[in-house]
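Please read the structure below before turning to the comments.
Just so it is clear, none of the values below were taken in a lab; they were calculated from the coordinates. Note that this is a predicted model, so its numbers are computed, not measured. Methodologically, a virtual Cβ is constructed for each residue, glycine included, from the backbone with ideal geometry; neighbour enumeration extends over all protein chains shown.
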Ligand code: DMJ
């Protein structure tokens with residue numbers, strides 16, 4: 001959706017005058033590739049392995065942790081997990097929506113009421129027999145980056161929400177060890193056994209949700225609930241499911257509103273919820289991007305209340321007026337249940353993951369919830385009709401915004417989730433046009449990095465619609481030139497590589513990783529957001545490592561550089577919007 005950076009007054013406080021840190025703490029800018037010397041083990045990538053093959057799953061299997069064994073649980077995590085959704089006998093058929101032909105499903109059968117044996121975490125045992133795929137140099141570089149980030153977090157911010165790598169301290173948002181929880185499944189996927197075990201101990205002994213603290217429903221769902229659920233699935237360790245149930249229950253008061261559209265904030269200790277102080281509105285993306293997690297929690301626990309609450313939101317949003325060819329406004333009122341601030345449409349902050357979760361819920365649920373698919377397909381048509389334009393001089397396809405009929409050539413970096421989502425839809429049988437659009441958009445997202453002095457994208461760009469001598473496609477306003485170590489472009493590169501096997505996507509990701517290392521790496525440990533992507537001599541470090549750098553950015557990098565399509569197989573898993581993989585519900 002949006003980083004809290006957009007709404008959080010602390011951002012201002014932490015970036016007074018954008019003169020934050022002593023630039024000397026960041027490594028001096030070096031020539032491209034020069035920092036390879038920092039990593040003795042790095043060399044250009046080895047000869048390419050055969051491109052990934054598109055294949056459907058035999059059945060849903062939980063990917064075996066590479067180099068990590070699932071914990072042997074003495075206690076059974078939950079009684080027979082139950083899928084909250086009613087069993088339905090649906091025939092495999094070709095669905096067509098406005099010309100979109102959906103191939104008969106090769107990858108997912110209708111879900112049954114029960115989670116099958118093969119879906120339970122213990123099924124990792126079987127796959128553990130498989131030969132581990134050796135890591136390549138680029139993956140090793142990601143592991144090195146993770147170690148460096150973790151070093152800073154461990155030394156200066158252990159158990160706290162976010163590392164402040166320059167001041168060698170931490171910041172709290174919810175006071176729940178956000179970075180540690182967000183990073184759990186990344187450590188599992190990267191095979192970092194020691195770090196994972198240490199973090200697990202913290203979760204077991206220190207993580208307490210019975211705290212008088214206000215948390216944001218969306219952020220804590222995608223980062224904490226999502227992180228715990230995916231770690232449970234990967235590790236098979238019931239500790240994480242117990243914690244997920246605890247936080248899930250504590251978030252439920254948010255849904256007690258006149259309209260059943262949830263409030264933005266919940267006090268997880270007191271069990272009270274409220275909207276932000278200045279309004280009774282919630283953000284549309286926030287209330288429509290918690291579904292994957294709550295639905296999965298219902299399936300695992302057998303308690304329908306989680307899924308019912310979030311399905312109700314989708315049901316209402318589906319029928320609301322105020323949409324523009326499937327595009328939604330950015331706010332919804334918790335009293336009336338109606339959209340507010342009508343007439344403004346964006347794929348960026350406050351709306352982004354609404355679109356992402358339409359598709360992903362459809363995939364999660366076995367591609368049978370047709371309303372979700374309809375809303376998704378209609379929205380992408382709306383994007384094409386109202387928001388897509390081409391820039392000058394390079395004719396880059398971009399997604400702008402619409403405000404009361406006026407087009408703005410503004411695009412948030414957040415929008416760069418879209419190529420990946422479009423590609424995922426196409427992989428799941430939606431129209432090939434979506435893949436074409438994905439290919440064009442990922443090129444644009446890459447250019448948002450490549451056309452900038454540091455090779456890092458700013459938070460927001462404006463595209464030039466008219467050719468002007470000496471002007472690039474991408475213009476950056478002073479207020480928008482920060483980079484928060486966000487994942488969206490790398491995320492989309494990962495999907496594009498998985499589905500096409502085109503090595504250029506890996507190469508683009510590799511460039512980005514090197515630029516993160518050049519301009520955001522803090523020698524004493526950790527990475528930092530920066531205030532000025534246009535000044536390679538002084539990118540103005542912000543002194544903040546967002547939890548999604550470990551939860552998402554480095555995870556997607558690692559997966560992007562992998563040629564193993566079974567390393568989080570996209571026919572078996574769907575990533576939540578914080579990069580936490582959740583299982584696609586199994587065949588009946
Ligand atoms: C993350 O919390 C999620 O990816 C969210 O969907 C958008 N904002 C950040 C990353 O940019």
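Structural remarks
- Theoretical FRET efficiency, 1/(1+(r/R0)^6), r = Cβ-Cβ of residue 151 and residue 538, R0 22 Å, to 0.05: 0.35
- Point-to-point label distance, residue 389-residue 433, nm (Cα→Cβ direction, 7 Å offset): 2.1 nm
- Estimated Rh, the range 445-556: Kirkwood, alpha-carbon pairs, angstrom: 14.6 Å
- Remark: the residue 158-residue 468 segment gains 106.6 nm on full extension, using 0.36 nm per residue and subtracting the alpha carbon distance.
- Each of 202, 510 was scored by other Cβ atoms within 10 Å of its Cβ. Arranged with the fewest first, they read 202, 510.
- The alpha carbon centroids of the range 180-244 and the range 471-493 are separated by 29 Å.
- Highest to lowest packing among 274-280, 555-561, scored as the average C-beta count within 10 Å: 555-561, 274-280
- Whole-Å distance, taken between Cα centres, linking the range 301-329 and the range 528-588: 27 Å
- For the peptides 483-489, 353-359, 205-211, the ranking by packing is 353-359, 483-489, 205-211, with the highest mean count of neighbouring Cβ atoms within 10 Å listed first.
- With contacts taken as Cα pairs under 8 Å and at least 6 residues apart, the range 125-224 reaches a relative contact order of 18 percent.
- Exposure proxy ranking, count of Cβ atoms within 10 Å, fewest first, for 135, 456: 135, 456
- Least to most buried among 147, 404, 413 (fewest other Cβ within 10 Å first): 404, 147, 413
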